[in-house]
Amino acid sequence: MDKLVIEGGVPLRGEVTISGAKNAVLPIMAAALLTPEPCIIHRVPDLSDVKFMGQILRSLGADVQSDGGTMRIQAAQIRGTGDYDLIRKMRGSVCILGPLLGRLREASVSLPGGCVIGARPVDLHLKGFRALGAEVKIESGNVLVSAPRLVGNELFLGGRCGPTVLGTANVMMAATLAEGITIIESAACEPEVVDLANFLNEMGAKITGAGSPTVTIAGVKELHGAEHEVIPDRIEAATFAIAAAVTDGEVTLHGARAGHLQAVLDKLHEAGVRVERKGTDLVVRRGGALQPVDITTQPYAGFPTDVQAQMMALMAMTPGISIITERIFEARFMHVSELARLGVDIALEGPSAIVKGGKPLSGAPVMASDLRASAALVLAGLVARGTTEVHRIYHVDRGYERIDEKLRGLGARIQRMAGS
Ligand code: EPU
């Protein structure tokens, strides 16, 4: 297994282009199952999760071809059962259920398990399918959904921690081919849901309201092929913005959409980081001394849980006390003990992490536990004195396209090496 070896202490300077959004492209790839015609997707990031999704679609019978950042998917003839082990490996693969149910009226996939960031239930997805008239069974670790007829309905998709992103995507996809009108209340408002809705509309779906808590889908008889460019990855953009701030450098982010990043930019501003808009670019640097901030993660348009760990690396560099309260995945603090190895002073109190920042960090071997946790370790490694080795970087490769190359392009001393 590869590791990243980082010599900290270099202020990052230069320009980086933001890749396509992982969390938009995965459901968009799944949506291609809704039509037998070819779909062309542009700005597809080269990520292991994307490769996984490609394999899953192939295991369902689809033809998937990649050429650079363009992917062609044709699901001329598909079956409703995919490779159990493949699907189990990637939580995001749950979003094949909606399109399979819509197109074939039945699907059977392995129940996605919990993961290191929390329990990750799918009860809301299943509630949504039931509301459309599907029968849902759990048998031998598989979810079986079937519906001789899918009929539009009004449904409430809010849960204990707010709306569900992939649940909204799943129900929206199934409902495109249902009879009549579906209204999803408490729908997720994330830009990735809007991007999916745009793609579905390009395929001939009739969806309005995506990006608001009420999404209306008028079912159609069939969908056709479409061509689409995926939105830039707001989480990658936030990660590089924080990289500029932690290292006290200056980085221009090409193609980051400021409109998708308001909560992060607002907190960065409060933390003493200057973000200037230059056309479609964002230029990020410190504006003076870093200031402690408090953050509570929330569904969009609130502060994203997917940037919480990276923000902790910034807090580690900030003299004073900063507090992060995690409200989406309450156990999402696996990075805390690894950041502590680098010298970060963090105490956990229930769903909150209290960071006493401003102490110098020193490099150490650390273990990545999930995607965003590993990004936080890389960020801390960029400022720690000496050498930091981040092990198990397959987590990073799930969601960051060539992060080592991009950081090297900004001057970071970071190498990918074979390791444990
Ligand atoms: N929830 C339920 N029941 C459900 C579904 C979700 O209670 O049926 C709860 C979850 O336990 C959580 C909350 O609802 O407390 C929100 O979870 P959500 O369903 O929105 O998460 P997701 O759709 O499974 C996506 C992203 C995650 C991101 C979350 C939240 C993809 C592939 N994944 O997951 O991305 O953290 O939304 O924004 O889109 C990542 O990229 O690192 C990542 C984990």
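Data overview
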read-out: Strands (runs of 3 or more DSSP E) wholly inside the stretch 136-190 that include at least 1 residues being more than 16 Å from the ligand (Cβ to nearest atom) and buried (at least 24 other Cβ atoms within 10 Å of the Cβ); value: 181-185
read-out: Options GLY133, GLY113: the member that is more than 11 Å from the ligand (Cβ to nearest atom) and either in a strand (DSSP E or B) or modelled with pLDDT of 95 or more (or both); value: GLY133
read-out: Residues of the stretch 65-93 that turn out to be of a type in the set (A, V, I, L, M) and under 20 Å from ARG103 (Cα atoms), as a count; value: 5
read-out: Residue among ARG332, ARG341, ARG327 that alone is away from the ligand (no atom under 16 Å from the Cβ) and among the basic types (Lys, Arg); value: ARG341
read-out: Members of the stretch 76-103 that are modelled with pLDDT of 90 or more and in contact with a Lys or Arg (Cβ under 8 Å, 6 or more places away or on another chain); value: ILE78
read-out: First in the stretch 23-39 and in contact (Cβ under 8 Å) with a residue 12 or more places away in the chain, second anywhere and near the ligand (Cβ under 10 Å from one of its atoms) and among the hydroxyl-bearing types (Ser, Thr, Tyr), Cβ under 9 Å, 6 or more apart; value: LEU26/SER93; ALA30/SER93
read-out: Condition met for GLU185 (closer than 18 Å to GLY128 by Cα and charged (D, E, K, R)); value: yes
read-out: Some residue of the stretch 250-262 being under 21 Å from the mean Cα position of the chain (by Cα), closer than 25 Å to LYS356 by Cα and within 16 Å of the ligand (Cβ to nearest atom); value: no
read-out: Spans of strands (runs of 3 or more DSSP E) in the stretch 204-291 with at least 3 residues under 23 Å from PRO45 (Cβ atoms); value: 227-229, 250-254, 281-286
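The values are calculated or read from the model by the stated rules, or taken from the named source; none is laboratory data. Just so it is clear, the model here is predicted, and its values are computed rather than measured. Here the Cβ is made from the backbone with ideal geometry for all residues, glycine too, and neighbour counts use every protein chain on show.
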